[in-house]
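Please read the structure below before turning to the comments.
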């Protein structure tokens, strides 16, 4: 069976672009704190969601709604409503991370298909099967800490479908288990759906040197004529007594396009593209390329080479944890 | 309020590890959670000392629990997690993998690395057998209060991170190994040189984080001394103190005296800073704008 391409859509326009470019599946979120890309100007109102899903379904594509932040104590209502509205809007599945919300969805919306978000960081077959047995999870988005042979071993031990990230931003830490951003800025992926938020970024210019700061901490320093990477915390430049550099990760993004045949052999069902904050033209281009790759694979033809390098905005690419030496 | 000692997050020699728990038998704490939380490669170095430590602590009248590993990916780690169940003491779940092995109806506790952000998650864990939950450190006081109230109804004791470097992130990658241009599989145990983690500064020399193998911690030591009244009012039943290599017995004593009204928050924080003149304190996750913030400087 052809591998499923799961594409991001931050706006209705991006959803139409992804569907038209050949996305088998699109994932998106409501415009509030219930999803992990809670950026200004992004995501879907209820009517936009209903119309977007109708458009996708009319073109043979599926839509998944990410409700993958952790509901706030004393205020779980917005998350519960998001699950109910996802069902009434016609979503094919919801992507959840919180055990309380999984339990709620399983009890109140048993017919709504449930996927386990990468934010749940389910990194082995025992845990994945536990989520399947307990909450009826049908698919898991694997955390970006696993090598390809480890993914194959998981698939050999579970009937749950696996979805893996193949392109875009790369978390270095286990997802859903990182408070670096709230330590420095007060806003976190788990609680607010943001990481290293732009509201806390400032650039400081001094004697031909440009500092990029997050929450007052200098994360990058470059000569003024050089491009300054966005100050994402885990990809910053830091010092210990012995060494100065990108101690956690270089400012790289993930590109696993050349690993697609291996991921298929490892039993992976779906390939996920990160980037709900990206433009529709970016989304369309990435979707077209990945669709061409899986179609070529299905037809027994060689993979197109290096097709996406130009989309990385000059950033270096990595295959991340899929190769064991990354660790 | 009870005092719980969390699992040591760092890589200490087996002798240092065993001596730490011997000393802890005399400390004024109610409960000790021990075992390996951060990296499965460390466990073989002190695993055979665990039964003696458990026995010493039980004899001293402490409650004892064993932690599960924070991130379980390898077959060996799954086996280690499954074997925790048969050790004869309660398991503190720090990754849901441990729950997969725990028979339904077995009582267990939940550590700060499991995401318990709301009443729904707490109620589900309580129904599954949780009797005590140490909340994730990033929760604000308003959430802590809501969960402490829900915990009282569910008969789950709510504990809060009280003292020590904050566990901010866990990764598949070992940063100590990376710093020495090694991979995790060939790490040569670089983390053993840093018994409290390795200080990570910004390019301007600002203290910021601490590196501990696959774990990233805060530079600052969390300290809830100024929040004790608010936590007590909220119904929090225990504070967690996280092991550090120097003066930990004194830290336990200071928090006990604070809870017993024998010392003021200012006296406690002064004494903590005297133990380590370079220690920076924080309590911002509870009440500040950012986790790193410290209310002591405002008082």
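Here, each number is a calculation from the coordinates, and none is a lab measurement. Keep in mind that what you see is a predicted model, and the values were worked out from it rather than measured. As a convention, Cβ positions derive from the backbone with ideal geometry for all residues, glycine included, and neighbour counts pool all protein chains shown.
Calculated mean residue ellipticity, 222 nm, chain B: -9000 deg cm²/dmol, from DSSP H runs (n ≥ 4) at -39500 (n - 2.57) each, averaged per residue and rounded to 500. Legend: calculated FRET efficiency, residue B:107 to residue B:83, from the Cβ-Cβ distance at R0 = 25 Å, rounded to 0.05, equals 0.85.
The translational diffusion coefficient of the stretch A:132-255, from Stokes-Einstein at 20 °C and 1.002 mPa s with a Kirkwood hydrodynamic radius over alpha carbon pairs, comes to 127 µm²/s. Between the Cα long axis of helix A:99-108 and the first principal axis of chain A there is an angle of about 20°, rounded to the nearest 10. Here the label points at residue B:15 and residue B:43, each 7 Å from Cα along the C-beta direction, are separated by 2.6 nm in the simple model.
Counting only other chain Cβ atoms within 10 Å of each residue's Cβ, the peptide B:282-289 averages 2.
Using the Stokes-Einstein relation with a Kirkwood hydrodynamic radius computed over Cα pairs, the translational diffusion coefficient of the protein assembly as shown at 37 °C and a viscosity of 0.692 mPa s comes to 132 µm²/s. What angle do you read, to the nearest 10 degrees and between 0 and 90, between the alpha-carbon axis of helix A:125-135 and the longest principal axis of chain A? Between helix and principal axis, roughly 50 degrees.
Per-residue Cβ neighbour counts within 10 Å put B:50, B:85, A:273 in the sequence B:85, B:50, A:273, beginning with the fewest. Look at the stretch A:123-135: the mean tally of other chain Cβ atoms within 10 Å of its residues' Cβ atoms is 5.
Once the Cβ-Cβ distance of residue B:142 and residue A:305 is raised to the sixth power relative to R0 = 35 Å, the FRET efficiency obtained is 0.10.
Report the calculated FRET efficiency for residue A:107 and residue A:75 (r = Cβ-Cβ distance, R0 = 25 Å), to the nearest 0.05. Mind showing how you got there, number by number?
Values: r = 19 Å, r/R0 = 0.78.
FRET efficiency, residue A:107 to residue A:75: 0.80.
Here the Gaussian network model covers chain B, with springs between Cα atoms less than 10 Å apart; of B:121, B:53, B:70, B:121 fluctuates the most.
Could you tell me the convex hull volume per residue, in Å³, taken over the Cα atoms of chain A?
Details: hull volume 46.0 nm³, N = 327.
Normalising the Cα hull of chain A by residue number yields 141 Å³.
Antiparallel beta bridges, as assigned by DSSP with both residues in chain A, represent about 35 percent of the total such bridges. Note on A:25, B:67, A:69: ascending count of other Cβ atoms within 10 Å places them as A:25, B:67, A:69, the fewest first. Angle of helix A:280-298 to the longest C-alpha principal axis of chain A, folded into 0 to 90 degrees and rounded to 10: 60°.
Give me the percent of DSSP beta bridges within the stretch B:120-261 that run antiparallel, rounded to the nearest 5. Intermediate results must be reported in sequence, preceding the final value.
Values: 14 of 20 bridges.
Here the antiparallel bridges make up roughly 70 percent for the stretch B:120-261.
Using helices alone, what [θ] at 222 nm do you get for chain A, with -39,500 (n - 2.57) per DSSP H run of 4 or more residues, divided over all residues and rounded to the nearest 500?
Working: 10 runs with 101 residues, N = 327.
So the helix-based figure for chain A works out to -9000 deg cm²/dmol.
With both labels modelled 7 Å from their Cα along Cα-to-Cβ, the residue B:278 to residue B:25 distance reads 3.3 nm. Over the stretch B:104-143, the pair-distance histogram of Cα-Cα distances with 10 Å bins from zero comes to 31, 55, 12, 1 percent, rounded to whole numbers.
Sorted from fewest to most neighbouring beta carbons within 10 Å, what does the list A:204, B:101, A:109 look like? Please report the intermediate quantities before stating the final value.
Numbers: A:204 11, B:101 20, A:109 17.
By the 10 Å Cβ count, ascending: A:204, A:109, B:101.
Largest GNM mean-square fluctuation among B:200, B:32, B:93, using chain B with Cα springs under 10 Å: B:200. Computed from the alpha carbon positions, the gyration tensor of the stretch A:152-214 leads to an equivalent ellipsoid with semi-axes of 35, 15, 9 Å, biggest first. Between A:301, A:264, A:119, the Gaussian network model of chain A with springs among Cα atoms under 10 angstrom shows the greatest mean-square fluctuation at A:301. Pairwise Cα distances in the stretch A:29-111 exceed 15 Å for 54 percent of all pairs.
How much of the pair distance distribution for the stretch B:1-153 lies past 20 Å, counting alpha-carbon pairs only, in percent? If you can, show how the numbers build up before the last one.
Numbers: 5812 of 11628 pairs.
Within the stretch B:1-153, distances greater than 20 Å cover 50 percent of Cα pairs.
Calculated on the alpha-carbon coordinates, the convex hull of the stretch B:71-221 measures out at 133 cubic angstrom per residue.
Convert 4 °C to kelvin, take the viscosity as 1.567 mPa s, use the Kirkwood radius over C-alpha pairs of chain B as Rh, and evaluate the Stokes-Einstein diffusion coefficient in µm²/s, rounded to a whole number. Value of D from the Cα-based Kirkwood radius: 67 µm²/s.
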